[in-house]
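Right, one structure below, let's go through it.
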């Protein structure tokens with residue numbers, strides 16, 4: 001994952017541990033005060049929410065422990081498209097130009113122009129250089145993109 005992706009996960013983990021977890025513990029405590037927990041909907045909802053929070057904490061901790069964090073600015077791929085690179089492309093059919101950064105699956109956000117390394121377009125682009133053409137198999141058919149620029153930022 002990229003440095004930005006790792007920082008986002010660390011921030012989410014911090015939020016879950018310092019804000020969400022204590023809040024849900026208090027909610028469970030308050031729900032217990034309402035009497036019999038076997039028929040207490042507030043208690044069961046809080047316990048379910050606690051389960052989701054604890055699962056997300058474990059998931060993030062596991063991802064961070066297993067992650068190889070890449071700083072795109074330190075890449076020296078000789079102009080080749082690699083994980084973390086930002087690429088400028090031109091759709092050869094429509095002439096539209098787009099820019100994408102190739103990131104990890106958890107970081108992908110098309111609205112922020114970040115595409116998953118496992119997406120069809122990223123898989124078609126990996127290893128290409130400026131001037132190369134990439135064929136992307138899309139649901140609407142094969143689309144061709146010319147690589148206009150590769151940046152490591």
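The values are calculated or read from the model by the stated rules, or taken from the named source; none is laboratory data. Remember, it's a predicted structure, so these values are computed and weren't measured experimentally. Heads up, the Cβs are rebuilt from the backbone with ideal geometry, glycines too, and the neighbour counts pull from every protein chain shown.
The table that follows gives values for the structure above.
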quantity: Selected residue (only one of 99, 94 is in the same structural domain as residue 128 (by TED's automatic domain parsing) and assigned to a strand (DSSP E or B)); calculated: 99
quantity: Condition check for residue 21: surrounded by fewer than 17 Cβ atoms within 10 Å (Cβ to Cβ), more than 25 Å from residue 113 (Cβ to Cβ), at pLDDT 90 or above and touching a helix residue (DSSP H, G or I) at 6+ places or on another chain (Cβ under 8 Å); calculated: yes
quantity: Residues satisfying the stated conditions in the stretch 100-128, i.e. over 12 Å from the mean Cα position of the chain (by Cα) and crowded, with 18+ Cβ neighbours inside 10 Å; calculated: 100, 121, 122, 124, 125, 128
quantity: Residue 16 free of Cβ contacts under 8 Å to residues at least 60 places away in the same chain and closer than 27 Å to residue 115 by Cβ; calculated: yes
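This table checks each residue for (1) modelled with pLDDT of 95 or more; (2) not in a helix (DSSP H, G or I).
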{"site": "35", "(1), (2)": "no, yes"}
{"site": "56", "(1), (2)": "yes, no"}
{"site": "79", "(1), (2)": "no, yes"}
{"site": "87", "(1), (2)": "yes, yes"}
